[in-house]
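Read-outs: derived from the displayed coordinates by stated rules, not from any lab. Keep in mind the model is a prediction, meaning the values are calculated, not measured. Using ideal geometry, Cβ is built from the backbone for each residue, glycine included, and neighbour counts are taken over all protein chains shown.
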C-alpha cells in the first residue's frame, strides 16, 4: 500500500527492525521467543507506528522520541490480534497472510505470546528509545494503559463479542469501534503529542479530532473491505462478519450508505489534517494511501 | 492463615478495598466489569501485597507509597491465575474456593479479563496511590514489566507447560519456579526498595536474597501441599501435579527430601530477614505464618 512512499517505507523498516530488536531474546524459553518473533515479524501495515512517527514529526518531535511509543503500540496491536484470533474469541486461522499464532504454534503458546507482547509494550515505553524524560514516559504509560484497557481496546473487544449475540443499532457499533479501533488510534495521537512536547491546546485538539476520525474512517472501510474483498487480498479471512452475523457498518447501513459514511468521515480526517500540516508532509501521503487501500 | 495478625489483617483489608476501588467501573462493559470484580474480590491470601507493604514499612517507606505497587502486583497475580486456569493452559475449574473465571463466565471473557487486569496493573503504577515521584513510578513500571514478562513470570509459565511433556531434572524445575513464582516475589522486593527509596546496596542485597529464598520456599511448600492436602483445604484442585505428570519438587525428590529442602530454604529466608528487621516487626509474623500454612 505505502511501498511507493519513500519516507513511509523507511519508517516501516525502522519499526520492523526495532520490533524484533527489542524482543526479549536472552533467557527466554526458545518456543516463546520464536512465537513472539513470528507474530511481530513481516506482515502488518504498521499504520499505528507510522501514525506515531509522522504525527510526531509533523508536530516538531524527533524520530528517536517516537521510537518507543511507535514500537509499543505495535506490540499492543500484535497481542490483541493474537488473542482476538483464538478459538474462544473470533476463531480465525489466518492473519497477515499466514496461519494465526495458535494455528502455527498452539493455543497455550498463543495466550502466553499475547500476554508477553502486552507486557513488552510497557517495558518498551519505560526504557527503550531516547529523547524522552521520565515524566513523559510515565505519561505515555498512563495514556497507553488507559486506552488499551477495559475502558478502551479491551472494552471494545468485549462489546464486539457481545454483539454477535444481539442486534445492534448504530450507536452500539460506534461504541464498539471507539474502543476496538478508535482507542489505539487515539493513543497514537496522544503519544505523538507527548513525544513532541506539544503545549498548544488548539493544535492538540486538531490532533485528537484527526485520530478519532481516522480511526472511524479506517473501521468503516474495514467493514466494507470485509464484505467485498477476497481472503487472499485481505491476508485474513474475508466475509467473516456476515457469516458470524456480526453487526457492522455494512450489515447495518448496506454497502452504499456505508460508503457514503466512509466518504464523509474521510473528509473530516482531511479537514483536521489541514490544521496539523500546512506544508507538504508525508502524513498527507499516508492518509491518501489509507483512503485508497484495498486490504 | 494470617487472621491472628492484626497489622496483616488491616493491610489485607486495605489492598482488598483498593483492588476493587481502582477497577475501571465507569464506561466499562458491565460483563467485563463484573468479571474483573469477580477475580479480584475475596479469596487470595494477598501474600504479594503484604510483602510489598511490610517490606516497604521495614525499609522506612510509607504505606501510601506501597499502595500502587501492592495493588499492581495483585492485579498481575490475578491475571496470571485467570489465564493459567484456561482450558488450553492448566484447565482448572476451581480457584480460591470458587469456580475459575472461564467457568463462572466463559473462555472469551476470561481471556479479556486477564488481559485487562494486566493493563490495569501498569495503569495503577503510573497514576494511583501517592508519595511516589514520576521517576520512581517509572522504575516500578520497568521492574514489573521485566519481571512479569517473557524473561520472568510468562517465561516460567511457558517452561511449566513444556515440562508436562518431558522429564525434568532439578535445575529445570528451579528455572520454572524462578520465573513462575520467583519473579513476582522478586518484584515485591524491588518495588518495596523503590517505594522506600533505599540507597543502601547491602540492605538491598539482603532484601533480594530474602525475596528469592521466600519465593523458592513458598513454591516447594506449594508442591508439598498439592501432594498432601485436599482440594477443600487448598481452595483449588489438589493432586493435580501428579495427575498431570508434572515435574515438581515432590515428584522429583520425594516428599521427605522435598520437606528437607523446604526447611533449609526457610532457614535462608530467616537469615536474610534478620538483616532487614532487627526489632520485632510484622514481617517476621508473616514469614512464620507462611511457613506454617496448610493451604
For the protein assembly as shown, the Kirkwood Rh over every pair of distinct alpha carbons, in Å, works out to 24.7
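Determine the relative contact order of the stretch A:134-180: mean sequence separation of Cα pairs under 8 Å and six or more apart, normalised by residue count, in whole percent.
Numbers: 29 pairs, mean separation 20.2, N = 47.
It comes to 43 percent, rounded to a whole number.
Calculated FRET efficiency, residue A:10 and residue B:268, Cβ-Cβ r, R0 56 Å, to nearest 0.05?
Working: r = 54 Å, r/R0 = 0.96.
After rounding, the FRET efficiency stands at 0.55.
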Give the order of A:267, A:130, B:229 when sorted by the count of other beta carbons within 10 angstrom, beginning with the fewest.
-> A:130, A:267, B:229
How many Cβ atoms of partner chains, on average, are near each residue of A:138-148 if near means within 10 Å of its Cβ?
-> 6
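How would you rank B:181, B:270, B:109, B:278, going from fewest to most other Cβ atoms within 10 Å of each one's own Cβ?
Details: B:181 20, B:270 16, B:109 24, B:278 8.
Arranged by neighbour count, lowest to highest, B:181, B:270, B:109, B:278 become B:278, B:270, B:181, B:109.
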Listed residues B:150, B:201, B:13, most fluctuating in chain B (Gaussian network, C-alpha, under 10 Å) | B:201
Label point distance in nm, residue A:41-residue A:252, each placed 7 Å from Cα along Cα→Cβ = 4.0
On average, how many beta carbons from a partner chain sit within 10 Å of the beta carbon of a residue in B:120-133?
-> 5
With one decimal in nm and the nearest listed first, the spacings from residue B:91 to its own position in the other copies, using label points 7 Å along Cα-to-Cβ, are 1.8
Express the relative contact order of the stretch A:21-74 as a whole percentage, based on alpha carbon pairs under 8 Å and six or more residues apart in sequence.
-> 30
If contacts are Cα pairs under 8 angstrom and at least 6 residues apart, what is the relative contact order of chain A in percent?
-> 20
Taking the label point 7 Å from Cα along the Cα-Cβ vector, the copy-to-copy distances for residue B:208, listed from shortest in nm with one decimal, are 4.4
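Rounded to the nearest 500, what is chain B's calculated 222 nm mean residue ellipticity when only DSSP H runs of at least 4 contribute -39500 (n - 2.57) each, over all residues?
Values: 16 runs with 207 residues, N = 295.
-22000 deg cm²/dmol, from helical runs alone.
When N is the residue count of the stretch A:22-91, what does its C-alpha Rg come to as a fraction of 2.2 N^0.38 Å? Write down the numbers at each step before the final one.
Details: Rg = 14.4 Å, N = 70, 2.2 N^0.38 = 11.1 Å.
Compactness ratio reported: 1.31.
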Distances from residue B:263 to the same position in the other copies: list them in nm, one decimal, shortest first, using label points 7 Å from Cα along Cα→Cβ.
-> 8.4
Fewest-first ranking of B:186, A:128, A:208, using other Cβ atoms within 10 Å as the exposure measure = A:208, A:128, B:186
For B:101-111, what's the mean count of beta carbons from other chains sitting within 10 Å of each residue's beta carbon?
-> 3
Whole-angstrom Cα spans of chain A along principal axes, big to small = 49, 47, 36
